[in-house]
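The values are calculated or read from the model by the stated rules, or taken from the named source; none is laboratory data. In this text, all values refer to a predicted model and were calculated from it rather than measured experimentally. Here the Cβ positions follow ideal geometry from the backbone for every residue, glycine too, while neighbour counts run over all protein chains shown.
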Amino acid sequence: MPLTPLVYWAQRHEDIYLRVELTDAQDIDVHVHENILQFKAQGHGAKGQNEYEFSLEFLSPVKPEVIHRSTQRQVSITVKKGQHGWWERLTLKERKPVFLAPDFDRWLDESDAEMEIREKEEKKNRLKASRHKEEEGFISLKTAFLFVYNLVQFLGFSWIFINMTVRLFIFGQDSLYDTFHTISDVMFFCQILAAVEVLNAAFGVVHSGVIPSLIQVVGRNFVLFIIFGSLEEMHNRPVVFFVFYLWSAIEIVRYPFYMLGCFNTEWKTLTWLRYTIWIPLYPLGVLAEAVAVIQSIPIFDETKLFSIPLPKALGTSISFSFVLYIYLVLMFLGLLINFRHLYKQRKRRFRTKKRKAN
Ligand SMILES: CCCCCCCCCCCCC[C@@H](O)CC(=O)SCCNC(=O)CCNC(=O)[C@H](O)C(C)(C)COP(=O)(O)OP(=O)(O)OC[C@H]1O[C@@H](n2cnc3c(N)ncnc32)[C@H](O)[C@@H]1OP(=O)(O)O
């Protein structure tokens, strides 16, 4: 005759809880088959150290998966009800098995269980509401950060663009020769700050591509710091004017467009300009940058600045112009990648707008 342990039970609308009074239970085998739960284990029960087992045929269908957890004192079993609801008893047979008793530690009647569900739901709702509040706080912080960033860049590039335009009107062609001296400080500031755009894209603060942003920032800063910044001979070349003018021409449109976007607002003309004027400006910008790189090659060759020394046996060094030839190829690739990216952004923007208008 198999020994049966004492089993205590309780229910909720979705679960059945069983507590088997066996200490140090081992080799536990518990499963549900055709709505009958079978339990077998070695352990210390009412009849000392022995093998204990029991089976229970449930009143209503249950799910076949059983979760059990054993502690030194007992084995806890959870069975999921097939359907949400309250059972009038545990077993199919009206007569309760002798080894089965209510678990008063977990016992709830139907109305208490409903109250428990309601309390859980209220707790969940409160948690949701507080998470929503936190998210709102984060969004408004992000919006404020982006707005200030775009405003600073807009002011910087507007200063550059207006200054260059006014000087062009006042001094005519002469103004082309001293762009670097009058403008470079603000341009250095704006272009260093532009690194934030790569971080924004990388950390998902905005929905920009990381590679296009990286190409843009690295590309411009290479020209600004290496070609213009490090060669005094380049400072008074007119090419500086064209590069700076083309860069700032797009930015005085792009940043106010983003500023409005921070408040989910748009001005159609500005949107159109943001997604259209890059078509002539981008190739012109790359062309101007390429001219600057080409103009700098003989200077690097002559001055040997940044040249890579080779071992004495070879007796010479690799000129930095070698790097510049590679860079010219990269520029062309960068142009293709960003042109394709901007074309996609333009199509997406105008397609979405048209769909919204229909
Ligand atoms: C891997 C390194 C290799 C290095 C190789 C170097 C190769 C060198 C190649 C050099 C080529 C560079 C040449 C270039 O310097 C020349 C010029 O710039 S000439 C002047 C003309 N230039 C341009 O027109 C380009 C201007 N730049 C840009 O448009 C961006 O920098 C670019 C990354 C190219 C594209 O921008 P983005 O991917 O951000 O597209 P969207 O503007 O449509 O934005 C997407 C969504 O994100 C929101 N967003 C983005 N930024 C912000 C922000 N600061 N604040 C708020 N919101 C922002 C935007 O609103 C969009 O939102 P939604 O999706 O809701 O519409």
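Starting from segment 118-145, take each residue that is over 30 Å from LEU108 (Cα atoms) and list its partners that are part of a helix (DSSP H, G or I), counting only C-beta distances under 8 angstrom and pairs at least six apart or across chains.
What qualifies is THR143/CYS262.
Of everything in segment 263-299 that's over 17 Å from SER248 (Cα atoms) and either touching an Asp or Glu at 6+ places or on another chain (Cβ under 6 Å) or of a type in the set (Phe, Trp, Tyr) (or both), which residue is farthest from the ligand (Cβ to nearest atom)?
ILE299
This table checks each residue for (1) in contact with a Gly (Cβ under 8 Å, 6 or more places away or on another chain); (2) under 11 Å from TRP9 (Cβ atoms); (3) assigned to a loop (DSSP other than H, G, I, E, B).
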| residue | (1), (2), (3) |
| --- | --- |
| ARG73 | no, no, yes |
| ILE77 | no, yes, no |
| LYS80 | no, no, no |
| GLU88 | no, no, yes |
| ARG106 | no, yes, yes |
| SER111 | no, no, no |
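Among the residues of segment 16-30, write down those that are under 22 Å from LEU90 (Cα atoms) and surrounded by fewer than 14 Cβ atoms within 10 Å (Cβ to Cβ).
ASP29
Can you work out which of the residues in segment 235-252 that are near the ligand (Cβ under 9 Å from one of its atoms) and of a type in the set (A, V, I, L, M) is nearest to VAL205 (Cα to Cα)?
Looking at the filtered set, the residue picked out is ILE250.
Filter segment 223-237 down to residues that are in a helix (DSSP H, G or I), surrounded by fewer than 18 Cβ atoms within 10 Å (Cβ to Cβ) and out of contact with any helix residue (DSSP H, G or I) (no Cβ under 6 Å at 6 or more places or on another chain), then give me how many there are.
Summing the residues that are in a helix (DSSP H, G or I), surrounded by fewer than 18 Cβ atoms within 10 Å (Cβ to Cβ) and out of contact with any helix residue (DSSP H, G or I) (no Cβ under 6 Å at 6 or more places or on another chain) in segment 223-237 gives 3.
Pairs, please: C-beta under 6 Å, at least 6 apart or cross-chain, first residue surrounded by fewer than 17 Cβ atoms within 10 Å (Cβ to Cβ) and in segment 31-55, second at pLDDT below 95 and not in a strand (DSSP E or B)?
Short answer, once both residue conditions are applied: GLU53/PRO2.
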